[in-house]
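Some notes on the structure that comes next.
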Amino acid sequence: ILYNTAVERVMEDSGRAVGVRLENGEVISADYVISDAYGYDTFKKLIDDRHLTDRLRSMYSKPIDRMMMALHVSFGVKMDLSDRPNAFSLFLDEPIEIAGDNCSIVNVINYSYDKKLSPEGKTSLKVMYDTYFSYWEELSKDQKKYEEEKEKIANRTIEAIERFIPGIRAAVEVTDVATPLTTKKFTSNARGYGSKEEFRLRDTLKGFLNKPMTLKTLKNFFVIGHSIGGTNLYGCAAMGRNAVKKICKKEKKDFYSS
Ligand SMILES: Cc1cc2nc3c(=O)[nH]c(=O)nc-3n(C[C@H](O)[C@H](O)[C@H](O)COP(=O)(O)OP(=O)(O)OC[C@H]3O[C@@H](n4cnc5c(N)ncnc54)[C@H](O)[C@@H]3O)c2cc1C
């Protein structure tokens, strides 16, 4: 494992993936290449455009802007909420403004069920909102405004929860707001999947089978991960596992897993 090392290009020879070139120019040769990078990067930057089907080309022609669950507002509160449900939706009489959107439902995840996520008598909570990537990209040009907006959103969120759980505002000990830019910084996942209109039932079903994607014109290359329909953490892990299983089959080796 090479940390803090980005792959810039998948190397190919006679229609086969034969390794990767890193950002620093170093080339690592390989018998197989598996890309778990963000789909837009895999298809538009790492491999040659001629390997894409028309559909893939159109799906990844432009990253999408509206992102689901992309704004994460988390609180550590000095309050025991273990008598409340693991997840609940608060329907607000007066909507709150969140990153330019009018929001009348606040969905709260209550992590009380996991004792490792907060000390005794305290609770971790998270609220997620949909948002526009471009909104945060624009705001980040002015770091002060970006930070102020995060603070406003945290305040509005906890005030909304206060309407249902009196006293919670004063009990907040830790606050964290992660935006789509935070996700991009830490995982390179930027603007969601390919366009939703192009995502068909067939893809969803394929996603449930957790099959890695292969391309007709580039042998020994696999694409896995949530950009190509991997169903969450477990589905993406299974896609990786299935890619290795396929390689074992090709190499006529037994596949074992614990
Ligand atoms: C905002 C958000 C909320 C989510 N919420 C949930 C949830 O509640 N439950 C759930 O099950 N799933 C959730 N998911 C989906 C889940 O996070 C993903 O499906 C899962 O993380 C995919 O795991 P992965 O290991 O395939 O990819 P990732 O976790 O994306 O890991 C890919 C890795 O590849 C690295 N990388 C990218 N490009 C390159 C490159 N060019 N060179 C080298 N390395 C590179 C990245 O740095 C990263 O470390 C969420 C996703 C997002 C974005």
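Just so it is clear, none of the values below were taken in a lab; they were calculated from the coordinates. Quick caveat, the model's predicted, so the values are computed rather than measured. Positions of Cβ are generated from backbone atoms using ideal geometry, with glycine treated the same way; all protein chains shown enter the neighbour counts.
Things to note:
- The value of relative contact order for the chain, using C-alpha pairs under 8 Å at least six residues apart, is 23 percent.
- Computed over the range 66-183, the quotient of the alpha carbon radius of gyration and 2.2 N^0.38 Å is 1.05.
- Between the range 1-43 and the range 142-171, the alpha-carbon center distance in angstrom: 42 Å
- Hits among lysines - C-alpha to C-alpha of LYS126 under 21 Å, sequence gap 8 or more where chains match: LYS78, LYS115, LYS116, LYS150, LYS152, LYS184, LYS185
- Here is the list for the range 17-80: trypsin sites (Lys or Arg not before Pro) lying in DSSP coil, each with at most 16 other C-beta atoms within 10 angstrom of its C-beta, are LYS78.
- Paired Rg and Dmax values of the chain, which use every Cα atom, in angstrom: 21.7, 67
- Percent of Cα pairs exceeding the 19 Å cut-off, where the set is the range 93-140: 48 percent
- Pairwise centroid distance, computed over Cα atoms, of the range 113-139 with the range 217-258, Å: 31 Å
- Translational diffusion of the range 15-87, estimated by Stokes-Einstein from the Kirkwood radius over alpha carbon pairs at 20 °C in a medium of 1.002 mPa s, is 129 µm² per second.
- Residue list for the range 211-239, given a label point 7 angstrom along the Cα-to-Cβ vector of ILE1 and an amide N cut-off under 20 Å: 224-226, 233-239
- Distant-in-sequence amide contacts of SER35, defined by a placed amide H-H separation under 5 Å and a gap of 5 or more residues or a different chain, comprise PHE222, VAL223, ILE224.
- Per-residue ³J(HN,Hα) for the range 129-140, Karplus 6.51 cos²θ - 1.76 cosθ + 1.60, θ = phi - 60°, Hz, x for Gly and Pro: 10, 6, 7, 9, 4, 4, 4, 6, 4, 5, 4, 5
- 3J(HN,Hα) along the range 243-255: 5, 5, 4, 5, 5, 4, 4, 4, 8, 6, 10, 5, 9 Hz, from the Karplus curve 6.51 cos²θ - 1.76 cosθ + 1.60 with θ = phi - 60°, whole Hz, x for Gly and Pro.
- Net charge dipole, the chain: roughly 1320 debye, given to the nearest 20, about the Cα centre with Cβ charges of +1 for Lys and Arg and -1 for Asp and Glu.
- Under 5 Å from the amide H of THR231 lie the amide H atoms of CYS236, each residue being 5 or more positions distant or on a separate chain, with H modelled from the backbone and absent for Pro and chain starts.
- Potential lengthening of the chain between PHE88 and MET69 amounts to 5.3 nm, from the contour at 0.36 nm per residue minus the alpha-carbon distance.
- Here is the list for the range 120-198: GluC sites (Glu not before Pro) lying in DSSP coil, each with at most 15 other C-beta atoms within 10 angstrom of its C-beta, are GLU120.
- Against the chain, whose longest principal axis comes from its Cα atoms, helix 143-162 is set at around 60 degrees.
- Using θ = phi - 60° in the Karplus curve 6.51 cos²θ - 1.76 cosθ + 1.60, the 3J(HN,Hα) couplings for the range 88-100 round to 8, 10, 9, 8, 8, 5, 10, x, 10, 8, 10, 6, x Hz; x is entered for Gly and Pro.
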